[in-house]
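Each value in this text was obtained by applying a stated rule to the coordinates, not by laboratory testing. Keep in mind the model is a prediction, meaning the values are calculated, not measured. Note that each Cβ is placed from the backbone with ideal geometry, even for glycine, and that neighbours are counted across all protein chains shown.
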Amino acid sequence: MRIKQLIKNLTNSRTSAEHQYDPKDFLYERKGPWPQPSPIHPWGESPAVIHLPWRETIDWWIWIGSRYLATLPMSLPYFVKGLIFPGLKAVSDEEFEDLLNYSMMSKFLTNKFDEKDKEVFKTYLEKEELDWYIVDLEAVKVVKTFEGIYASASKTLLHKVGERFIVKAIYIDDSEDVFEPKDGDAWQLAKYFMLQGGALCATLVVHPLLHFPFDSINAVSKTSLPKEHILFKLLSPHFRFTLPLENAVLNYKSSLLQEKWWMTYAPYPGGPSGLRDLLVEGYKGIKGNLSYPPFSYKMSSPKLEGRYGEYLRSYYQVIYEFVAEVLSEVEKGDFWISKWADYCNRYVNDFPDSSIIFEEDNLVKAVTTYLYTVTVAHAADHYNYGTLDKRQVPLRIRQQPPYKGIRMNPRSKLCNAVDLMKYYMADSLFFSPTTVTKLINAKYKFSEDYQKGAVIKFKEKLRIVDKELKDKGVDYMPLNKISASIQF
Ligand SMILES: [Fe+2]
């Protein structure tokens, strides 16, 4: 009995001794950043990382925060631009359809109709058997607009013919009515409200899911993986700037989400609480609405409709192959990866924990999703949104949502010069990408030859995919502008 106990003790002590690394083997000596419940919305938003190493905050201020400050004087020229070119621009039906087919708003396209969707478009769905799709912007309901500014939830019905989605009708929630092109001014207004909803849901419901849930992985990896571990070496070029950026967006009093009148860069139509609720809808989902499931860590290539989906899947595949090669010699049951997976699982919904991370290609998929999301998926969203004409895709509309027979005010009066200035400023500061470190220049501190070879192959394949996509006309963002991390 005593001998058995002695052997057991010896075995245990050897197991723990193997992992008694010196704190100096870790980036922040094991005192690095760590996720915690969001201070603003502990149960509705993803865990946040708010206690940051000074060196990360200073690095962010030097390269990014200072640019924000330097851009503030642009407010005046943008205001003048809003006076010279006032209000909104016309959006033809073809342009409108193109936006839903090809812009980042195509992310909303789905053929999953829930009960409310079926009810709203009953007459269409019963009359014709077509390949029906919907763009559901119900999330906009929570926005509490300022006086004189309007927004409405909406649902747009489309059907697919070949590769193209054809717009059939728009349902405007505030007026509880469905509009078609024959409705004249009401239709023109309905298009603006739908595009405004798309802009709100894109920037505050769907895009934030590429940011904030991934912060936990950033923090956990920096703090729990030894610097010499292969997984740390693979992930670390993709961490820079992100945590201070997220902290500024979520928690600074000067954040555009706070939306104060003096903020020349805060373009949204309503106050902070409604805007924050949009983030909650994205993360927690909307009950009964199939277009808004709760956030879940994806373990597959992106399933999106249209060209944008094709673009994203092409890059996902290249990143998957790179990750698979670099991690090919990781042993099943690797101690540090097991711990890392369990920590990530604690803070990120459906992240595979140590009991399944070594099954099949789960580890490669989990790491690919991180790498792909914080580089290509995130950057392409910004780049495409940046190219949209801000006078066609408004964030503020100064006329109430349409009803049948309404006369639309002159387009020049649908938003004012201050609205436009704020939108242009936000676009310049936050929406359009300003890349500091590029994916194509990412430096990995690998020591093995096969890993160094994998990096060379990876970059070659990135260049090939960039060219192939361009040749096909699936041209969303030039490779040399894709950032190595979330930095805008
Ligand atoms: Fe972003």
Select from region 166-266 those chymotrypsin sites (Phe, Trp or Tyr not before Pro) which occupy a DSSP coil region and have at most 10 other Cβ atoms within 10 Å, ordered by residue number. Trp261, Trp262
Take Tyr423, Tyr347 and order them by how many other Cβ atoms sit within 10 Å, fewest up front. Tyr347, Tyr423
Among the lysines, select those whose C-alpha is under 19 Å from the C-alpha of Lys253, and discard any that sit fewer than 8 residues away in the same chain. Lys422
With a point put 7 Å past each Cα toward its Cβ, work out how far Lys481 is from Thr57 in nm, to one decimal. 3.3
For the chain, build the charge dipole from Cβ charges (+1 Lys, Arg; -1 Asp, Glu) around the Cα centre, then report which of Ile217, Ser103, Ser412 sits farthest towards its positive end. Ile217
Loop only by DSSP, 13 or fewer other Cβ within 10 Å of the Cβ. Give me the trypsin sites (Lys or Arg not before Pro) in region 167-270 that pass, ordered by residue number. Lys253, Lys260
Scan region 400-484 for GluC sites (Glu not before Pro) in coil per DSSP, keeping those whose Cβ has at most 15 other Cβ atoms within 10 Å, and list them by number. Glu448
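Determine the relative contact order of region 33-481: mean sequence separation of Cα pairs under 8 Å and six or more apart, normalised by residue count, in whole percent.
25
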Over 41 Å [Cα-Cα, region 33-481], rounded percent: 18
Checked against the positive end of the charge dipole of region 33-481 (+1 on Cβ of Lys and Arg, -1 on Cβ of Asp and Glu, about the Cα centre), the farthest of Pro39, Ser338, Met421 is Met421
Among Lys284/Lys332; Lys155/Lys467; Lys107/Lys470; Lys298/Lys459; Lys112/Lys438, which pairs are too far apart, with a Cα-Cα distance over 28 Å? Lys284/Lys332; Lys155/Lys467; Lys112/Lys438
Residues Glu56, Glu128 in order from fewest to most other beta-carbon atoms within 10 Å are Glu128, Glu56
Can you give the local net charge around Glu246? Use residues other than it whose beta-carbon is closer than 13 angstrom to its beta-carbon, Lys and Arg +1, Asp and Glu -1. -2
Reach of Lys24 by Cα under 20 Å, taken over aspartates and glutamates that are not fewer than 8 positions away in the same chain: Glu56, Glu228
Report the full-extension gain for the segment Leu69 to Glu359: residue separation times 0.36 nm, less the Cα-Cα distance, to one decimal in nm. 99.6 nm
Helix axis angle, 2-18 relative to the chain longest principal axis, alpha carbon, degrees: 50
Protection proxy ranking, peptides 66-74, 110-118, average beta carbon neighbours within 10 Å, highest first: 110-118, 66-74
Calculate the dipole size of the chain relative to its Cα centre from +1 charges on Lys and Arg beta carbons and -1 charges on Asp and Glu beta carbons; express the result in debye to the nearest 20. 1340
Dipole of the chain, positive end: most advanced residue of Trp60, Val80, Tyr316 [Cβ charges, Cα centre]: Trp60
Only helices counted: for the chain, with every DSSP H run of 4 or more residues adding -39500 (n - 2.57) and the sum spread over all residues, [θ] at 222 nm is -13000 deg cm²/dmol
What percent does the relative contact order of region 346-427 come to when contacts are Cα pairs within less than 8 Å and at least six residues apart? 24
